[in-house]
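Enquirer: Below are the structure tokens for one structure; questions will follow.
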Amino acid sequence: MKALSLEAPKQWKRIDVPGPAAPGPGEALVRVHDVGICGTDIGGYLGKMPFFSYPRIPGHELGVEVEAVGPDVANVMPGDRCSVEPYINCQKCHACARGKSNCCEKHQTLGVHCDGGLRPRFLVPARKLHVSRKLTFEQLALVETLAIGCHATHRAAPRPDESCLIIGAGPIGLATLEFVKLSGAKVIVLDMNEQRLDFCRRVMGVPHTLTPSDKLEQDLRAVTDGHMPDVVIDATGHSGSMSSAFGLIAHGGRLVFVGITTDEVKFRHPVFHRPEGTLLCSRNALAQDFTQIIALIEDGKIDTRPWITHRAAFEELIDVFPSYTRPETGVIKAIIAVGE
């Protein structure tokens, strides 16, 4: 069976892997139809994702079809179309016992810590499959990206009477934007890329977009009735941006890091102490986030059509992947069709 592996940063390889065995207790055999490419995959390719291990078959944004199930599996059946919750947790550690399976002490993300979906078939724990009778495989592949934004927004807890600055209008920033909009908070998006900001204004309906400048504080206060944003969510994964974000919150405000960097994040303590800031991190997502998102897409409350800007076949991915790392190519979300 063919698969695509990242042997090391910037080193793709076409490999042959054994076909999966029959599913055991609690397992499902799935056929992979579509795989979304996200910042984690790009970070793994560039060698900038701290949790990525090599060699690795990437692919954690997945639209799959169930082909067979093992004993005692009741939540899915052959023929079901599913999104995959790719965060494999132990179900036994302190975090799991407290309902925080997204940050399990023995956490393994498909396509990051263990092999993922850039292969035609593989076994997954059936409990990690989320069924939809309505969504396409492409839509199901987008659910995980949206789940990251959903969880980050839950961490930030913006209210309708608050303002929220989202830094970074890449896929994770846009996913977060979807749910901040649903919260009713006033949204401002900050990015260096005017093409991405235009997408936010034109497609996502965001009237307030800014680019970094020496008058950023003045620009923010003009949008937020004279104070700074109540919530700041940094989705860049850039240490400089994340360090600067400490100085952008209102008094009593909250800062959430959903992007990841391997570099140091630095701030002067008085800058964050004075407003009594709250710092939060957001990692992965929870099962209920997937359930919520599938329902929102099925009900038409989230339109996934503008998200997919690029498509490629499995056989083309190695050749086209470097272009996905360049912002000027305008990639919001690339979807890879996996064949037999």
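Enquirer: Restricting to region 186-203, count the residues that are assigned to a loop (DSSP other than H, G, I, E, B) and open to solvent by less than 10 Å² (accessible area, probe 1.4 Å).
Expert: The total comes to 0.
Enquirer: Would you point out the residue of region 1-20, among those that are part of a strand (DSSP E or B) and farther than 20 Å from Ile42 by Cβ, that is farthest from the chain's Cα centre (by Cα)?
Expert: Only one residue tops the list, namely Asp16.
Enquirer: Can you pull out every residue in region 159-168 that is touching a helix residue (DSSP H, G or I) at 6+ places or on another chain (Cβ under 8 Å) and open to solvent by less than 20 Å² (accessible area, probe 1.4 Å)?
Expert: Ser163, Cys164, Leu165, Ile166, Ile167, Gly168
Enquirer: Is there a residue being within 20 Å of Gly173 (Cα to Cα) and open to solvent by less than 40 Å² (accessible area, probe 1.4 Å) anywhere in region 21-28?
Expert: no
Enquirer: Considering only region 114-139, state which residues are open to solvent by 50 Å² or more (accessible area, probe 1.4 Å) and of a type in the set (S, T, N, Q).
Expert: Once the filter is applied, which keeps residues that are open to solvent by 50 Å² or more (accessible area, probe 1.4 Å) and of a type in the set (S, T, N, Q), region 114-139 yields only Thr136.
Enquirer: For region 132-155, which residues satisfy the criterion of being assigned to a helix (DSSP H, G or I) and over 10 Å from the mean Cα position of the chain (by Cα)?
Expert: Phe137, Glu138, Gln139, Leu140, Ala141, Thr153, His154, Arg155
Enquirer: Right, next: Output the residue which, of all residues in region 306-329 that are open to solvent by 20 Å² or more (accessible area, probe 1.4 Å) and not in a helix (DSSP H, G or I), is nearest to Leu135 (Cα to Cα).
Expert: Looking at the filtered set, the residue picked out is Ile308.
Enquirer: Scan region 169-185 for residues that are open to solvent by less than 60 Å² (accessible area, probe 1.4 Å) and part of a helix (DSSP H, G or I) and jot them down.
Expert: Pro171, Ile172, Gly173, Leu174, Ala175, Thr176, Leu177, Glu178, Phe179, Val180, Ser183
Enquirer: Taking helices (runs of 4 or more DSSP H) that do not extend beyond region 210-305, which have at least 3 residues that are at negative phi, of a type in the set (D, E, K, R) and surrounded by fewer than 17 Cβ atoms within 10 Å (Cβ to Cβ)?
Expert: The helices (runs of 4 or more DSSP H) meeting that bar are 216-223.
Enquirer: Go through Val32, Val84 for me and flag whichever is open to solvent by less than 30 Å² (accessible area, probe 1.4 Å), under 27 Å from Ala235 (Cα atoms) and aliphatic (A, V, I, L, M).
Expert: Being open to solvent by less than 30 Å² (accessible area, probe 1.4 Å), under 27 Å from Ala235 (Cα atoms) and aliphatic (A, V, I, L, M) holds for just one of Val32, Val84, which is Val84.
Enquirer: What is the number of the single condition among (1) open to solvent by less than 40 Å² (accessible area, probe 1.4 Å); (2) out of contact with any Cys (no Cβ under 9 Å at 6 or more places or on another chain) that Pro71 does not meet?
Expert: For Pro71, the failing item is (1).
The values are calculated or read from the model by the stated rules, or taken from the named source; none is laboratory data. Just so we're clear, the structure is a prediction, and the values are computed from it rather than from any experiment. Quick reminder, even Gly has a Cβ in these numbers, built from the backbone with ideal geometry, and neighbours come from all protein chains shown. What goes into the accessible areas is simple: the full protein's heavy atoms, side chains included, and nothing from ligands, DNA or RNA. Shrake-Rupley method; radii C 1.70, N 1.55, O 1.52, S 1.80 Å.
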